[in-house]
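**Student:** Input: one structure, supplied below.
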Amino acid sequence: MLVGVPKEIKNHEYRVGLTPPSVHELVAHGHKVMVQHNAGADIGLSDDQYLAAGATIVETAKEIFARAEMIVKVKEPQPVECAMLREGQILYTYLHLAPDPEQTAALVKSGAICIAYETITGPGGGLPLLAPMSEVAGRMAIQAGASHLEKSKGGMGLLLGGVPGVAAGHIVIIGAGVVGTNALQMAVGTGARVTVLDKNIDRLRQLDLVYGNRISTLFSNAHAIEEAVLSADLVIGGVLVPGAAAPKLVTRSMISRMKKGAVVVDVAIDQGGCFETSHPTTHAEPTFVVDGVVHYCVANMPGAVARTSTFALNNATIGHAVALADKGWRKALADDAHLRNGLNVCQGKVTYAAVAKDLGYDYVSAESMLG
Ligand SMILES: NC(=O)C1=CN([C@@H]2O[C@H](COP(=O)(O)OP(=O)(O)OC[C@H]3O[C@@H](n4cnc5c(N)ncnc54)[C@H](O)[C@@H]3O)[C@@H](O)[C@H]2O)C=CC1
Ligand SMILES: CC(=O)C(=O)O
Ligand SMILES: [Mg+2]
């Protein structure tokens, strides 16, 4: 198969769909890989390294989209990329369609086979192609929050850990999945008081066993969220209902009654966000203020630590990339129910139930597209 890797074009996005070792793996399986000139240059992955791994270097994204049978990317295709997708072409990348009607319409129109990293499941449960980026974003959420609590960044001027004789701050983490757990690890390290909420009581039990009375765990409901958020200095939003738009758990009214200069980091923003007041921001302009509360809502947080993130992502994506290239999409999806769960849009149909429901499309099962 001819595989193409365009340079990412989202704001401050320096990750790349395939690393040179991943190219090497595909080439070893008999495939051809085209990589756009300088696709990895910003993170120290030079064209020479790609050439040594067996890729060919191509000058423009246009040529890659025109020729490749499968496009491997990181972020959802931007409008100019959607317009270049072709019928029957495989697109393998993050999509986050539920909060994005324009992109969904463009992918439906393209006739391409669009496989979303974030809804592929794993034999051990969970979302193994989302997990590495959630680890990165969860860890980053605390450093982004701590930094924006500084006066010069709009925050109230609070050091999360306090100092001897001065109370520490209060970090509230909503959602105790991969983002939440990684944020929790960092939060505990700051010395702040930490509260974590989830609807999954077994998850809270596990965290209680690990952290004991160093943290407070709370079953997530509107009352508990309100109480926690009103006393918080930093709130991290990391909830997920796979494939669906994130539930708005923190209302505008709660935000208006929070401490002035508090910070919220809405990691779930790529699924629409779990704060009613959130909208997506970029690394170039990561925050805005609503009712005195600083909102950090960057939809591609791992892009800021793109080198670490690229390698972590490729560890999780390369296996299915090889299967898709080796077998073609129909057989690869037929053979693997977990990969099949990644199919969101296929030849003009929406094939992921939560996306169809949230955006008002007829749902067509992935299985029915394989015949
Ligand atoms: N902004 C960014 O750059 C990035 C965003 N993300 C996003 O972060 C979000 C979280 O991802 P993961 O942690 O991997 O998901 P996950 O599936 O590991 O965890 C989500 C957790 O949310 C909990 N949850 C669901 N509804 C809840 C509610 N009403 N109250 C409290 N908890 C609730 C679930 O029980 C689960 O424990 C996703 O939307 C993901 O796409 C991930 C990586 C980067
Ligand atoms: C998961 C995601 O949105 C990202 O890594 O940018
Ligand atoms: Mg989007």
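**Student:** Taking region 215-254 as the search range and keeping residues that are out of contact with any helix residue (DSSP H, G or I) (no Cβ under 6 Å at 6 or more places or on another chain) and among the acidic types (Asp, Glu), which one is surrounded by the most Cβ atoms within 10 Å (Cβ to Cβ)?
**Tutor:** ASP233
**Student:** Which one of these does ALA98 not meet: (1) more than 16 Å from ligand 2 (Cβ to nearest atom); (2) modelled with pLDDT of 95 or more?
**Tutor:** Condition not satisfied by ALA98: (1).
**Student:** Out of everything in region 257-271 that is open to solvent by less than 20 Å² (accessible area, probe 1.4 Å) and assigned to a loop (DSSP other than H, G, I, E, B), what residue ends up being farthest from ligand 3 (Cβ to nearest atom)?
**Tutor:** GLY261
**Student:** Exactly one of (1) part of a loop (DSSP other than H, G, I, E, B); (2) within 16 Å of ligand 2 (Cβ to nearest atom); (3) open to solvent by 50 Å² or more (accessible area, probe 1.4 Å); (4) in contact with a helix residue (DSSP H, G or I) (Cβ under 9 Å, 6 or more places away or on another chain) is unmet by ALA284. Its number?
**Tutor:** Single failed check for ALA284: (4).
**Student:** Let me ask something additional. Looking at region 1-20, can you tell me whether even one residue there is modelled with pLDDT under 95 and open to solvent by 50 Å² or more (accessible area, probe 1.4 Å)?
**Tutor:** yes
**Student:** Applying the selection to region 337-371, what residues are among the basic types (Lys, Arg) and assigned to a helix (DSSP H, G or I)?
**Tutor:** Passing the criteria: ARG340, LYS357.
**Student:** Continuing with the same structure: Kindly provide the set of residues from region 226-258 that are of a type in the set (Gly, Ala, Ser), within 20 Å of THR181 (Cβ to Cβ) and more than 12 Å from ligand 1 (Cβ to nearest atom), ordered by number.
**Tutor:** Correct list: ALA232 only.
Listed here are the residues, each with its yes/no results for (1) over 23 Å from the mean Cα position of the chain (by Cα); (2) closer than 30 Å to ALA232 by Cβ.
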position: ARG86; (1), (2): yes, no
position: THR93; (1), (2): no, no
position: ASP100; (1), (2): no, yes
position: GLN103; (1), (2): no, no
position: TYR117; (1), (2): no, no
position: LEU127; (1), (2): no, yes
position: GLN143; (1), (2): no, yes
position: LEU158; (1), (2): yes, yes
position: GLY161; (1), (2): yes, yes
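**Student:** Do any strands (runs of 3 or more DSSP E) entirely within region 108-224 hold 1 or more residues that are under 30 Å from MET369 (Cβ atoms), and if so, which?
**Tutor:** Those strands (runs of 3 or more DSSP E) span 113-116.
The values are calculated or read from the model by the stated rules, or taken from the named source; none is laboratory data. Quantities reported herein were computed from a predicted structural model and do not represent experimental measurements. Counting neighbours? That spans all protein chains shown, and the Cβs are built from the backbone with ideal geometry, glycine included. Areas reflect the complete protein model, heavy atoms only, side chains present, ligands, DNA and RNA absent. Shrake-Rupley method; radii C 1.70, N 1.55, O 1.52, S 1.80 Å.
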